[in-house]
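The values are calculated or read from the model by the stated rules, or taken from the named source; none is laboratory data. These numbers come from a predicted model, not from an experiment. FYI the Cβ positions are ideal-geometry reconstructions off the backbone, even for glycines, and counts take in every protein chain you see.
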């Protein structure tokens, strides 16, 4: 008996790899991250890329500003103009040094010359032409290019990539780009960035200033609103950190309270008074703690850190990280039973709230404008409580962990599907 031959399915993709069966060149398998040198901004972009499964297939580019000396006063300028001015100032300084040297005077290098160039040779500078060429020329072989950028200085280059290679790229801009949101395929930004449109914000500002305050329009369909900032923290990261730091943290008496102290900002201004208040509150809760670990930001003013160190360093329950050696931040997230954080950093508060553990915030009363709105939203959702010094740290409480990165990832998948693209399996 002859075998029955089933009919071949009619398909133009016979013999084509499975990844192309839904349409040639429709699978994204590579990414470019454009950063501005700020760990907070770059952490958001890399966190999204990681959640999308492209961490091992991404390239990091940076927009670098000149630093040191007068450059610290020019950070408000567009990057391109800032670099031109810095180049002109360098020419003037070099000419002055040549003249002085020719007259027999010894001239030392200026501090700004040293700090503005240090380390830049090792940074992969964002090059618009290079990225656009890569997106176009490798399209047939590698498929579309995912571009993820974050921060004000990256807006110009990411929008230009979209304009010049729109058929070859999918551009995600993290943090509000202030205007013309349709320049990007997707914008991911905290909902408090739209606080200036609220009735409360309008009442706080003179009417003649309304047209100058951004944003000027509500979010469109290509805008993803989050409560906090994106980051790289998830269960697998915390498990890895818990294992790596086991020998140091497992023996610590419980409960472990972790205290993270940032720095005053324009939207959350505080000083010695808050440092004294925080120190007194920590001393009050020590009886209910097994151990306390305190970390300062590299930007914490010395006048604040000195007050806290002086008040707590001699207590046997307290350990203050001195900034030397490996950063224990991930271990703190994994091993802590509760957190106390200053209100200034959206990124840090978002990370600790991703654990589902008790989070107490100090200094929220110092916040204003959109940062005030951010903390109000956190309290309304039960993610944080004010730190008063009357807490019993041994009494735990919880909430659904803040998971903005997962929600942003889902929206990226949806937006890609609408375009007929997908991410590699």
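Descriptive notes on the structure:
- Looking across the range 192-206, the residues that are surrounded by 18 or more Cβ atoms within 10 Å (Cβ to Cβ) and either closer than 22 Å to residue 415 by Cβ or more than 22 Å from the chain's Cα centre (by Cα) (or both) come down to 193, 194.
Residues are listed down the side, and each one gets a yes or a no for (1) touching a strand residue (DSSP E or B) at 6+ places or on another chain (Cβ under 9 Å); (2) under 15 Å from residue 48 (Cα atoms):
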{"site": "175", "(1), (2)": "yes, yes"}
{"site": "178", "(1), (2)": "no, no"}
{"site": "193", "(1), (2)": "yes, no"}
{"site": "203", "(1), (2)": "no, no"}
{"site": "221", "(1), (2)": "no, no"}
{"site": "228", "(1), (2)": "yes, yes"}
{"site": "233", "(1), (2)": "no, yes"}
{"site": "237", "(1), (2)": "no, yes"}
{"site": "240", "(1), (2)": "no, no"}
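- Figure legend. Inter-residue proximity from the range 248-273: first residues more than 15 Å from residue 361 (Cα to Cα), second residues modelled with pLDDT under 95 and surrounded by 16 or more Cβ atoms within 10 Å (Cβ to Cβ), beta-carbon distance below 6 Å, spacing 6+ or different chains. Indicated pairs: 267/369.
- Residues in the range 401-425 that are closer than 14 Å to residue 229 by Cβ and surrounded by fewer than 21 Cβ atoms within 10 Å (Cβ to Cβ): 403, 406, 407.
- Elements of type helices (runs of 4 or more DSSP H) contained in the range 337-424, each with 1 or more residues being assigned by TED's automatic domain parsing to the domain that holds residue 29: 404-419
- Complete set of residues in the range 268-293 that are touching a helix residue (DSSP H, G or I) at 6+ places or on another chain (Cβ under 8 Å), crowded, with 17+ Cβ neighbours inside 10 Å and not in a helix (DSSP H, G or I): 268, 270, 292, 293
- Residue check, residue 412 modelled with pLDDT of 95 or more and in contact with a strand residue (DSSP E or B) (Cβ under 6 Å, 6 or more places away or on another chain): no
- Any hit, the range 276-285, residues being within 24 Å of the chain's Cα centre (by Cα) and at pLDDT 95 or above: no
- Selection status of residue 352, free of Cβ contacts under 8 Å to residues at least 60 places away in the same chain, buried (at least 22 other Cβ atoms within 10 Å of the Cβ), closer than 28 Å to residue 198 by Cα and under 22 Å from the mean Cα position of the chain (by Cα): no
- Qualifying positions in the range 132-157 - farther than 18 Å from residue 421 by Cβ and in contact (Cβ under 8 Å) with a residue 60 or more places away in the chain: 149, 150, 151, 152, 153, 154, 156, 157
- Residue match in the range 297-314 (condition: touching a helix residue (DSSP H, G or I) at 6+ places or on another chain (Cβ under 9 Å), under 12 Å from residue 258 (Cα atoms) and part of a loop (DSSP other than H, G, I, E, B)): no
- Scanning the range 306-316 turns up no residue that is closer than 26 Å to residue 43 by Cα, loosely packed, with under 14 Cβ neighbours inside 10 Å and in contact with a strand residue (DSSP E or B) (Cβ under 9 Å, 6 or more places away or on another chain).
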